[in-house]
Structures are given as C-alpha cells and as structure tokens.
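Below is one structure, written out as structure tokens, with a few remarks after it.
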Amino acid sequence: EQLRAAHGLARGAGGCLVPLLTREAFVQALGRLGVPFVQCFAEADREIAGLANCWGCPVLSLDSDFFVFDLAGGYCPLSHFQWQSVRAAGPRGCRYVPARCFSAERFCGHFGRLRKALLPLFAVMNGNDYTGLAALEAFFSKVRLPGGCAARSGGKHLRLQGLLHWLAQFAEPAEALDNVLKYLKKHQREEIRELLCASMEDYAPSEVNLEDFFQNGSYECEAATKADVPRWVLDALAKGKLAPFVINALILRSTFLRVQVENMQRPSAHSTALPIRQVIYGLLLRVSHSTEDASPSKQTNELPTVCEFDRCQKTLKKTFVQAASLPPDFCDDRFPLDKLMEVPMSCRQMLLLETLGVNMSVLEPVPSHLQLAIAVTCHWIRCSEPRVKLNQLKALLLMIVSGELQRITEDPDPAVLPAEDDNTAYNEFLKWKEKKLENNDFDLDAAHSFCQWQCCLQMGLYLNQLLGTPLSEPDLSRLYTGTLVHRLYQELKSAPSVENLFILSPKMAQLYLVLLNTVES
C-alpha cells in the first residue's frame, strides 16, 4: 500500500504517506514535552490493553484490533476525535475535545447473547493482520447463518453480521471452534485449529506489566529474555533510545525499509545508506575473530547477513546484506554486544565518524547539535548516485539554518540576549515563505536526492544511538521540512540571490558559511 501511495504521489496523484523520520520526530516531541511513554519489544496491542485495564482507561488508537479486546474503559478511535471543536464544560470551564468511545459489551448486545470472549474468534476468522485462512472458505460455503441465508450469498457486511449471530449460540470459544472445524476436511482440522488458537492468543492479556515500567522504569519481557536480548538494549528500546529497526535486525535478522516519494525508476533511496546499515548489522551480529583463524577468507565466510525488504522499481524485493567487518577494538572478545557501552566513548565516536567518512577536526566549527546532520550530509554527497547537485546541498543547508533561526527566535536560550537582527531576519524569512512561488513544479530527481539524505540521516541516527550517542541528536522537527527544501532548491536555480536569505542576521549568515565550508572541505 505504501509503495502504491508513493508511486501515485510521485506522479502528482493524491495519496498519503507518512514521512520517513516521523517515528523519531514523535519520540523526540514526547521527550521534549515530558510525556511518559514506553516502546514495546514486539506487538504493543496486548500490553496496551493490559495497561488500560489496570488503570481503567480507554485506549486511544487507530487500530481496529482494539474493537476486539475486552477493555474496561472502552476504545476511542482517533478518527472520531473532533479536534477543531474544543469545548468548555462545568462551572470551572474545563476544556475537552468531543470523541466517541466503543464498548465491546454494548456491541455484543446487538447480537443476542454473544459473549465478549468470542470476539477474538470472530476477528481471526475474518482475517486480522496475520491470518489469511483460505481453508475457512469451506466453512463459509457450507454453514447456514441465522436469517436462513448461506454465508457465501450477500455482501461481506451481511456475512459478518451472520457470523456474529451464529457465534452467539455458543457459551465459550472452544465450543464455537469445534463447531467451525466440523465443516472442514478432517486432514485440515488440526492445522486450522492451531492457526486459529495461535491468532486468538494475540487478544489474550500480556504477561508484561507496563505499570511497573511507568512506576519503576523496569521493562520485563519474557520474549526478550528468551531471545537473549542484552539488558541495556532492552532498556534503551523501552525508553525509545533505540529504534525497532535495531531489534528486528538483531532478533529476526530481517528489516523493512520504508518507501518514500522517490523516483521509482532509480534504485531505492535506501541504497545510499547501505554502508551505514552494514556497520549497524556488524555491531549487532558480530562474531568473535580469534587469532588463529583470522585469515581474510575465513573472516569473510563468518560475516552474518540480514534480509532487507526494499523497493525495486514498483515492487518489493528481498536482498541478503552482509554485515560489515569491524575495526579491531570492536572485534575484541572482551566487548560482545552486551558490553558495547564499555568500549571507550572515543572509540565509539571514531567508528561513527569513520562510517560517515568524516574527521572530528573537520566538524569542530559546527555547533555540537548539528554535527551529526553535517557528518551525514558528507556521507550523502560521497555515496549518492546520481551525484548531489550544488544547489541541492545549498538548499539543504539553508533549510537547516532556517530551523536554527526559528529556534533562537521562538525558543530563545534565557541565558543569551536575543539579537534584534535575528528577529528582523526571521520576519523577512517568514515574508519570503508567504510569497507565491514563480515555478512550483515538482522536481522528482531533487525529491529522490533529498529522500537519499533522509535515509542517511535515519541510519546515522540509529548508528549514533546504538553507540551510546557519541554525537548529540539534532532536533528533527526543526532540522528538515520537505516543502521548504524543495522551494529553496527551485528558487536557487532561478534566483541565486536566495543564498543571501539570512544576510540580515550576521550570526545566521556566518553559520551558513561554516556549514557549507565544512561539507565542501
């Protein structure tokens, strides 16, 4: 679906696609606002349902699985929040957003004596996220549903209603399941029973106690223990300091690389960040290299692989990618993954910078919170195919400077007096943004290049996190704005004077030159 949406948007059609770094920007926003959150080891649904029942709260989500869970406080789909209609109520005028709350109990009341415990069977028989049970068509083709119609006649909606009425005659899921299996061929019954039971488990309460995490900061998960996940990795994952990408590579040895609005005729934008991903895989899956069998041929055979699912033109393609061979410090048997944080920080920083092809001395003039973004930009320029155009680089750096200007004017440091020329420059920048653009054509090749940069930034962030953040993380919400970088690129082609957009602020004009000189050097 994402591939289709991306392809449509690239051709100018409508569609909706979440930007690549949305999850990371959201986690940063939660941190800034002080909102407590947890990132679960695997599927979060069961853990969310358990916490909601523990606290007596409704669940807010856009996942239809929550219609099926037995939730004491109900389920509020985010699509039913009237965000524009904030209202006041009560003598103190408390403000609220009108919403709707679904109750499984009230839903079951529409279907006679249907018990809530039968909803998971109903869900898995109709194909939730993971079960596509073609064999169940035999059941639907033979059973007579209440109302006297065969399940195969009428639309899907009638079939769903009929199945709910049919399930209402049973006291518990096991009895209903036995009656479903009667309609199947004998040799299929046990396999289908196992499949259905395993899928119904997805709606059983989780053994993970999330309340414990919010009270004591401790995330205990049996599945992670069985998978032998190092304690520091699990803790960092739960706190959002590591991405799910890392766990997928470590446990499943497979990853999905999300598509963007890019040129579908070219290789995937993710190919530019392949060398960074290989170092991540090397750190996660590295094998010890003892001295006696350290010959190059044996080492090559030992390197593990990760299965990547990525775009190839307009289809999904599976590729096995070999992990990178790491420098000697990281191949030392004293530092397996569970002791990675014991490797000296200077060595971890050096690995990050070597992967991105940059020396720390080059980055020193750059403000510390922008060093990672600029190091990633150097990697992007070195590894992009086709080559990055100078105006694309300038547009990107101007956009980064605009984020800095916004930061110091809208969210100034209390210890630093705001300069009047910064405010003047920011107001001029806002006026420029409001002006109508002469040439508003969408440049697909430029879009592809900026997608490559985002892929490099994403993997640069993940590698930096895995190494314990030897470089500061940039504020993503201020670092990148797709529409702005496209506009800057279009204007630079026709009016090079846009490069002087921040000339009224000596500090910002200087920052732009520092960033440009750093990358060019």
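The values are calculated or read from the model by the stated rules, or taken from the named source; none is laboratory data. Since the model is a prediction, treat every value here as computed from it, not as a measurement. Don't worry about glycine lacking a Cβ; one is built from the backbone with ideal geometry, like all the others, and counts go over all protein chains shown. With ligands, DNA and RNA removed, areas are computed over all heavy atoms of the protein, side chains included. Shrake-Rupley method; radii C 1.70, N 1.55, O 1.52, S 1.80 Å.
If you check every pair at least six apart or on different chains, which have Cβ atoms under 8 Å apart with a residue in the stretch 16-33 that is in contact (Cβ under 8 Å) with a residue 24 or more places away in the chain first and a residue that is among the basic types (Lys, Arg) and surrounded by 13 or more Cβ atoms within 10 Å (Cβ to Cβ) second?
From the stretch 16-33, the pairs are Leu20/Arg258.
Yes/no per residue for (1) crowded, with 18+ Cβ neighbours inside 10 Å; (2) more than 25 Å from the chain's Cα centre (by Cα); (3) among the basic types (Lys, Arg); (4) not in a loop (DSSP other than H, G, I, E, B):
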{"site": "Thr377", "(1), (2), (3), (4)": "yes, no, no, yes"}
{"site": "Arg382", "(1), (2), (3), (4)": "no, yes, yes, yes"}
{"site": "Leu396", "(1), (2), (3), (4)": "yes, no, no, yes"}
{"site": "Met399", "(1), (2), (3), (4)": "yes, no, no, yes"}
{"site": "Ser402", "(1), (2), (3), (4)": "yes, yes, no, yes"}
{"site": "Leu405", "(1), (2), (3), (4)": "yes, yes, no, yes"}
{"site": "Asp413", "(1), (2), (3), (4)": "no, yes, no, no"}
{"site": "Val416", "(1), (2), (3), (4)": "no, yes, no, no"}
{"site": "Asp422", "(1), (2), (3), (4)": "yes, yes, no, yes"}
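Would you check which residues across the stretch 40-65 are open to solvent by less than 30 Å² (accessible area, probe 1.4 Å), touching a Ser or Thr at 6+ places or on another chain (Cβ under 9 Å) and of a type in the set (D, E, K, R) and list them?
Asp45, Glu47
Scan the stretch 455-488 for residues that are more than 24 Å from Met360 (Cα to Cα) and open to solvent by less than 10 Å² (accessible area, probe 1.4 Å) and report the count.
Within the stretch 455-488, the subset more than 24 Å from Met360 (Cα to Cα) is 477, 481-488.
Restricting the remaining residues to those that are open to solvent by less than 10 Å² (accessible area, probe 1.4 Å) gives 485, 488.
Summing the residues that are more than 24 Å from Met360 (Cα to Cα) and open to solvent by less than 10 Å² (accessible area, probe 1.4 Å) in the stretch 455-488 gives 2.
Let's see how each residue does on (1) charged (D, E, K, R); (2) farther than 30 Å from Met341 by Cβ; (3) out of contact with any helix residue (DSSP H, G or I) (no Cβ under 7 Å at 6 or more places or on another chain):
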{"residue": "Thr424", "(1), (2), (3)": "no, yes, yes"}
{"residue": "Glu428", "(1), (2), (3)": "yes, yes, yes"}
{"residue": "Lys436", "(1), (2), (3)": "yes, yes, yes"}
{"residue": "His448", "(1), (2), (3)": "no, yes, no"}
{"residue": "Cys451", "(1), (2), (3)": "no, yes, no"}
{"residue": "Gln454", "(1), (2), (3)": "no, no, yes"}
{"residue": "Leu461", "(1), (2), (3)": "no, no, no"}
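With respect to Leu136, is the statement that it is open to solvent by less than 70 Å² (accessible area, probe 1.4 Å), modelled with pLDDT of 95 or more and part of a helix (DSSP H, G or I) true? Step through it out loud before you land on a result.
Details: open to solvent by less than 70 Å² (accessible area, probe 1.4 Å): yes; modelled with pLDDT of 95 or more: no; part of a helix (DSSP H, G or I): yes.
Considered against the rule, which asks whether it is open to solvent by less than 70 Å² (accessible area, probe 1.4 Å), modelled with pLDDT of 95 or more and part of a helix (DSSP H, G or I), Leu136 comes out as no.
Which of the residues that make up the stretch 351-382 are farther than 17 Å from Gln465 by Cα and either hydroxyl-bearing (Ser, Thr, Tyr) or not assigned by the TED database to the domain that holds Gln454 (or both)?
Our first condition is that a residue be farther than 17 Å from Gln465 by Cα; within the stretch 351-382, this holds for 357-367, 377-382.
Across the stretch 351-382, the qualifying residues are Ser361, Thr377.
If you go through the stretch 42-59 one residue at a time, do you hit one that is over 18 Å from Pro120 (Cα atoms), touching a residue at least 40 places away in the same chain (Cβ under 8 Å) and touching a strand residue (DSSP E or B) at 6+ places or on another chain (Cβ under 6 Å)?
Yes, that holds for at least one residue.
Of (1) at pLDDT below 95; (2) assigned to a loop (DSSP other than H, G, I, E, B); (3) buried (at least 17 other Cβ atoms within 10 Å of the Cβ), Val358 satisfies all except one. Which?
(1)
Working carefully through the options Phe502, Phe442, find the one that is crowded, with 22+ Cβ neighbours inside 10 Å and assigned by the TED database to the domain that holds Leu398. Break it down into steps so the answer makes sense when it comes.
Numbers: Phe442 fails: crowded, with 22+ Cβ neighbours inside 10 Å.
Sole residue among the options that is crowded, with 22+ Cβ neighbours inside 10 Å and assigned by the TED database to the domain that holds Leu398: Phe502.
Give the residues of the stretch 23-39 that are more than 13 Å from the chain's Cα centre (by Cα) and crowded, with 18+ Cβ neighbours inside 10 Å, sorted by residue number.
Applying the first criterion (more than 13 Å from the chain's Cα centre (by Cα)) to the stretch 23-39 yields 29-38.
Answer for the stretch 23-39, where residues must be more than 13 Å from the chain's Cα centre (by Cα) and crowded, with 18+ Cβ neighbours inside 10 Å: just Val38.
Determine the pairs where a residue that is over 23 Å from Ile374 (Cα atoms), located within the stretch 399-421, has a partner that is among the charged types (D, E, K, R) with Cβ atoms under 7 Å apart, the partner being 6 or more residues away or on another chain.
Between residues of the stretch 399-421 that are over 23 Å from Ile374 (Cα atoms) and residues that are among the charged types (D, E, K, R), the close pairs are Ala419/Lys507.
Which ones in the stretch 292-326 are at pLDDT below 90, in a loop (DSSP other than H, G, I, E, B) and farther than 15 Å from Tyr281 by Cβ?
Ala294, Ser295
Looking only at residues in the stretch 472-499 that are among the polar types (S, T, N, Q) and either touching a residue at least 40 places away in the same chain (Cβ under 8 Å) or not assigned by the TED database to the domain that holds Leu461 (or both), which one is nearest to Trp453 (Cα to Cα)?
The extreme case among them is Thr481.
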